[in-house]
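Reading through the structure tokens given below for one structure.
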Amino acid sequence: MKAIDNKELEQALILLEKEKGIEKKYLLESIETALVTAYKRNYDSSDNVKVTLDEETGETHIYAIKEVAKRVTNPILQISMKEAQKINPAVLAGETIDIEIVPKNFGRIAAQTAKQVIIQKLREAERNLTFGEFNERKGEILSGIVQKADTGVIIVDLGKLEGIMPKKEQIPSETYKVNDKIKGYVVDVVRGNKGNPQVIISRACPDFVKKLFQLEIPEIYEGLIEVKSVARDLGNKEKGANDPGSRCKVAVASADENIDPVGSCVGQKGVRIQNIINELHGEKIDVIEWNEDPSIFIASALLPAQVMAVDVNEEEKQARVIVKDDQLSLAIGKSGQNARLAARLTGWKIDIKSETQFREMLSNMENEEETEKQEKEK
């Protein structure tokens, strides 16, 4: 049968195998499968067929696969023993035999089909390479240009791919405009329409802040300081004046006693931390020192409030915190933001009481105990 252009086929196979990582065997099988479909579509056939493609010559051969039967009941799928033995004298009933078919103009159809498959596989290979490249960059920060910002989802041009920033990954207080240059944290890489890779980016996740600290503070990048945990409260611009605004707490620690982890992160005159705040468009950031003692860590997490005492329940991971009366509102924070962030940062449930509230609670407990004692004595 008329051959597919062998030179073009060979070049395509080399390109796909060497440069795109697609094996010749896989590509040939894909072309052969496509040729079967093309044959059935173009010749309105329901035959059980297979196609072979010669890698060296480019020639295509199409065969009808038929069962050898003593009595033929379905001529499309069966062949008589007598006819089969004309092709292969050793064939037996119940076996299958390949009968070559030479349909008119199939050489042209085969060439077109092979070309389409090669183009398709090239596109798939490009998509897979790009997907792999960006999939390895999960956890990194990428810069891009805002392409679309007219809906809840922000589309960002990242060069080879587009980044998608869903509503939940955006900072509520920020406004994004077309052609704005922004940075985003790569949360995931997924397959979009037609298999095209898409990068999911975030500016709202705690890991975005953690990565900014790593990029901005050399001691963190070098491993001398570790970011233990990050808690963010991004507020809600729809709440208006009642919203406390975006705020973040970052717990840091260093195994080197000669390194001040908090001071290193803040920097001289606050230069280092200010660069991160600027990237986050004014988000307030509290940097505190992590401590393995939960009482000390929780007290630090509630800064700027001054804590009098912390009573912890290790089993239930709950803590009762006592503060002076004038420190209660500061400890809780506007709309409960400071207490909420401290709980997220430490991973503990925190119950904050003022000194007066605590004394009243103790007094009530003593009264209850006294009442119970008197009732027992009766």
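Restricting to the stretch 6-134, what percent of DSSP beta bridges are antiparallel, rounded to 5?
Details: 11 of 14 bridges.
Here the antiparallel bridges make up roughly 80 percent for the stretch 6-134.
For the chain, the mean residue ellipticity at 222 nm estimated from helices alone is -11500 deg cm²/dmol, where every DSSP H run of n ≥ 4 contributes -39500 (n - 2.57) and the total is divided by all residues, rounded to the nearest 500. Based on alpha carbons, the Rg and Dmax found for the stretch 36-190 are 27.7, 83 Å.
With contacts taken as Cα pairs under 8 Å at a separation of at least 6 residues, the chain carries a relative contact order of 9 percent.
Seen from Q78, the other residues with C-beta closer than 12 Å to its C-beta sum to a net charge of -1, counting Lys and Arg as +1 and Asp and Glu as -1.
For the stretch 205-290, the convex hull spanned by the alpha carbon atoms encloses 89 Å³ per residue. Taking the average, over residues, of other Cβ atoms within 10 Å as the packing measure, peptides 196-203, 264-271, 286-293, 137-144 rank 196-203, 286-293, 137-144, 264-271 from highest down.
DSSP beta bridges fully contained in the chain are about 70 percent antiparallel. Just going by the charge dipole of the stretch 54-142, with Lys and Arg at +1 and Asp and Glu at -1 on Cβ, which of Y63, S80, L142 is farthest out on the positive end? Checked the options; the winner is S80. DSSP beta bridges fully contained in the stretch 205-290 are about 55 percent antiparallel.
If the limit is 31 Å between Cα atoms, which of K148/K228; K138/K284; K211/K353; K160/K269; K183/K249 go over it?
Details: K148/K228 36 Å; K138/K284 26 Å; K211/K353 35 Å; K160/K269 40 Å; K183/K249 20 Å.
In this structure, K148/K228; K211/K353; K160/K269 lie more than 31 Å apart at Cα.
Rounded to the nearest 0.05, what FRET efficiency do Q274 and V153 give with R0 = 45 Å and r taken as the Cβ-Cβ distance? Could you check?
Details: r = 31 Å, r/R0 = 0.69.
Once rounded, the FRET efficiency stands at 0.90.
First select every other residue whose beta carbon is under 11 angstrom from the beta carbon of L341; then total the charges, Lys and Arg +1, Asp and Glu -1. Taking every Cβ under 11 Å from that of L341, the sum is +4.
Name the residue, out of P172, P89, P206, whose mean-square fluctuation peaks in a Gaussian network model built on the chain with Cα pairs under 10 Å. Residue with maximal mean-square fluctuation among P172, P89, P206: P89.
Considering only Cα-Cα distances, which of the following residue pairs are longer than 26 Å: K24/K115; K70/K104; K121/K177; K50/K82; K324/K349? Please list the in-between numbers first.
Numbers: K24/K115 15 Å; K70/K104 31 Å; K121/K177 37 Å; K50/K82 23 Å; K324/K349 20 Å.
Over 26 Å Cα-Cα: K70/K104; K121/K177.
Both radii were evaluated on the Cα set of the chain; the Rg over Rh quotient, with Rh as the Kirkwood radius, amounts to 1.29. Positive-end ranking of T130, Y39, N196 along the dipole of the chain, with charges on Cβ about the Cα centre, is headed by Y39.
The numbers here are math on the coordinates, done by the rules we state, and not lab data. On a predicted model such as this, the values are computed, not experimentally measured, just so you know. Here Cβ is always computed from backbone atoms with ideal geometry, including for glycine, and neighbour counts include all displayed protein chains.
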